[in-house]
């Protein structure tokens, strides 16, 4: 059975730019335009633009919208004021995670939830199942495009396209305004790279024009289109979780180091059990690590101790362009989770040494 892939609005644009297109989360997406290495360094040193329009967006409105969000998410959305965003997750009933997401407060009784592309239907059904109070929920994913303009020169590259003072938008805050001629664009100081920049939520009908204007305005700053390949190495250097790799239906937010978005000041799905887990202490933890010498870790490789006993598994791994070394994330038994702890990665039958490291993994590399 052939499953037809969805396409983003800019599919033709990416092909004309020479992108290699691959299936990802049910969409045909650009994985790279030139090389992963070149694109990675472009974002770290200058500015790059990602088309991440495959992401899902839900609008929640009404007097009980906040109540619904509070019940299904782990973070405390009551702390949000209009113009602020929050990272959170949807816990399941079994101690795991349905998805991680961003929660935006657009106005009182009006919220935007941004979810992972692979989980749009699953998240929609989950939230709808818990919507017992008549909150108006709308899936606007198929009519919304999302561009991430990331890198130290992002503000300068974009400023000529809007009257909004981009440098005055704090991290995890946003402004709704006219951008590149498109009205009501959400200009959000968020991202998945650790390099600074903005995410822009744009109606599909304006997407091609906005992309072209960004590419034109950014030319003086060395802007390039960036694919999913570099997006993965950039997020991995920061230690940001990828759903389906580092977190999933079986991993607890506390095990994943997401205790900071798990607020027990309110009741939410499975909060009683997660609170007990916090009090008892977790038996495994997600850690970042850097290879001591040659070797590139990959997902599902075993992690072992000095005696060759299994202590965990790699969940994500790559060669870090910033460090020139292999890096990874993985779950290890808690006693091996402290930064500085030596561990070993099983790569092609060999135990290669690595060291558990604080996040981000590239601190001081080329930031």
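Structural remarks
- Residue order, fewest to most surrounding Cβ atoms within 10 angstrom, among 334, 265, 362: 265, 334, 362
- Set of region 260-303 residues, backbone N closer than 11 Å to the point 7 Å along the Cα-Cβ line of residue 350: 293-296
- Residue list for region 162-200, given a label point 7 angstrom along the Cα-to-Cβ vector of residue 216 and an amide N cut-off under 11 Å: 181
- Tensor-based shape of region 56-139 (alpha-carbon gyration tensor, a/c under 1.5 rounded, otherwise prolate or oblate): rounded
- Each residue, residue 205 and residue 283, gets one label point 7 Å from its Cα in the Cβ direction; the gap between the two is 5.7 nm.
- Helices in the chain, meaning DSSP H runs of at least 4 residues, each add -39500 (n - 2.57). Divided by all residues, the mean residue ellipticity at 222 nm is -6000 deg cm²/dmol.
- The distance between label points at residue 167 and residue 184 comes to 3.1 nm (points 7 Å beyond Cα on the Cα→Cβ vector).
- Options (i) 31, 23, 22; (ii) 49, 26, 16; (iii) 32, 28, 18 - which one matches semi-axes √(5λ) of the Cα gyration tensor in Å as calculated here: (iii)
- Pairwise FRET efficiency - residue 275 versus residue 108, Cβ, R0 = 30 Å, nearest 0.05: 0.50
- Overall Cα dimensions of region 285-343, principal axis frame, Å, largest first: 29, 22, 20
- Prolate/oblate/rounded call for region 156-308, Cα gyration tensor, a/c under 1.5 rounded: oblate
- Remark: spin-label model distance residue 22-residue 121 equals 2.3 nm, labels positioned 7 Å along the Cα→Cβ axis.
- Counted by neighbouring Cβ atoms within 10 Å, the residues 147, 24, 58 run from fewest to most as 24, 58, 147.
- The order of 14, 300, going from fewest to most other C-beta atoms within 10 Å of their C-beta, is 300, 14.
Since every read-out is calculated from the coordinates, none of them should be taken as a lab result. Values in this document were obtained by computation on a predicted structure and should not be read as measured data. With ideal geometry, Cβ positions are generated from the backbone for all residues, glycine too; neighbour counts draw on all protein chains shown.
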